[in-house]
1. Looking at L55, L60, L73, which is the one that is out of contact with any Cys (no Cβ under 8 Å at 6 or more places or on another chain), open to solvent by less than 20 Å² (accessible area, probe 1.4 Å) and in a loop (DSSP other than H, G, I, E, B)?
2. If you take the residues in region 160-214 that are acidic (D, E) and assigned to a helix (DSSP H, G or I), which one is surrounded by the most Cβ atoms within 10 Å (Cβ to Cβ)?
3. Can you tell me which residues in region 115-133 are open to solvent by less than 80 Å² (accessible area, probe 1.4 Å) and within 17 Å of D184 (Cα to Cα)?
4. Cβ-Cβ below 9 Å, separation at least six or inter-chain, first residue in region 186-212 and farther than 10 Å from A173 by Cα, second of a type in the set (G, A, S) and open to solvent by 40 Å² or more (accessible area, probe 1.4 Å): which pairs?
5. Kindly evaluate V3 against the criterion of being touching a helix residue (DSSP H, G or I) at 6+ places or on another chain (Cβ under 7 Å), more than 26 Å from T106 (Cβ to Cβ) and either open to solvent by less than 60 Å² (accessible area, probe 1.4 Å) or outside any helix (DSSP H, G or I) (or both).
6. Which pairs have Cβ atoms under 7 Å, sit 6 or more apart or on different chains, and link a residue in region 134-157 that is of a type in the set (K, R) to one that is surrounded by 16 or more Cβ atoms within 10 Å (Cβ to Cβ)?
7. Suppose we keep only residues that are open to solvent by less than 60 Å² (accessible area, probe 1.4 Å), of a type outside the set (V, I, T) and part of a loop (DSSP other than H, G, I, E, B) within region 134-159. Which one would you say is modelled with the lowest pLDDT?
8. In region 7-35, which residue that is open to solvent by less than 50 Å² (accessible area, probe 1.4 Å) and touching a helix residue (DSSP H, G or I) at 6+ places or on another chain (Cβ under 6 Å) is farthest from K76 (Cα to Cα)?
Amino acid sequence: SGVLADEPAAVIRDICRQRQAPLWEAGQDFGGEYVLPPHAASPSLPNVLRGSVRLLGPTLPAEYQSNPLELGLTGKHQADNAALAAAVLARLTDDGWQIPAAAVRTGLAQVRWPSRFEVLQQSPLVVVDAAHNVASAAALRDTLATHTASKRRWLVFGTSRDKDPTGMLQVIAPWFDQVVLTRDQNNPRGVPPEEVAQAAAGAGCNTASLIVCR
């Protein structure tokens, strides 16, 4: 389990006890320490560089932990995801699966996730991210802050009916100089930009920074 929040973690522990299922938990049995690349947000080196993960924990094989593993995905939160994947692979190996440590290293380095901090171009830097809740919006903000050094920052933002635009904009909009509000015309759940602007006002956004695309 990679769950860290107390309430859902307690539910998972209770179900495991009821079903007599073994449980390995992030932060106790395994973990991942994110290693930033050199000059990750240096103005003299504008390209977005990927980090690596140092796997830790008593339930992970020593060969997983010998050196930091390169990550194909960018951001500190991806170290947590990589550690969870490594813990699952370690359990499968314990169960007889043949998964060489070199395959784990290669897999983590080569994984790609479209629209998850996907760099479309480096100069000027254009990133697309499908963040759809407050936690993922915060992860996007933190990744941008640690991996980019842009002097002028623009956000193009759209959302759908089942999301929390106020919460997302509260955490991410202040990091940008201009916020362009739009929608996907082909998505029946898309929220009109005028409504998103109301959510932005509720989030305390500077209205002077908002551009509404009607």
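1. Values: L55 fails: in a loop (DSSP other than H, G, I, E, B); L73 fails: open to solvent by less than 20 Å² (accessible area, probe 1.4 Å).
After ruling out the rest, the residue left standing is L60.
2. If we filter region 160-214 for residues that are acidic (D, E), which is where we start, we get 162, 164, 177, 184, 194-195.
Retained after the next criterion (residues that are assigned to a helix (DSSP H, G or I)): 194-195.
On the way: E194: 11, E195: 15.
The selected residue is E195.
3. Those that are open to solvent by less than 80 Å² (accessible area, probe 1.4 Å) and within 17 Å of D184 (Cα to Cα): S115, V128, D129, A130, A131.
4. The qualifying pairs are N187/G158; G190/G158; V191/G158; P193/G158; V196/G158; T207/A201.
5. Numbers: touching a helix residue (DSSP H, G or I) at 6+ places or on another chain (Cβ under 7 Å): yes; more than 26 Å from T106 (Cβ to Cβ): yes; either open to solvent by less than 60 Å² (accessible area, probe 1.4 Å) or outside any helix (DSSP H, G or I) (or both): yes.
Criteria met by V3.
6. Listed pairs, sorted by first residue: R141/V171; R141/I172; R153/F176.
7. Among those that are open to solvent by less than 60 Å² (accessible area, probe 1.4 Å), of a type outside the set (V, I, T) and part of a loop (DSSP other than H, G, I, E, B), it is S150.
8. Checking each candidate, the answer is F30.
The values are calculated or read from the model by the stated rules, or taken from the named source; none is laboratory data. Note that the coordinates shown come from a computational prediction; the quantities given were computed from them, not determined experimentally. Glycine gets a Cβ as well: all are built from the backbone with ideal geometry, and neighbour counts include every protein chain shown. All accessible areas refer to the heavy atoms of the entire protein, side chains included, with ligands and DNA or RNA removed. Shrake-Rupley method; radii C 1.70, N 1.55, O 1.52, S 1.80 Å.
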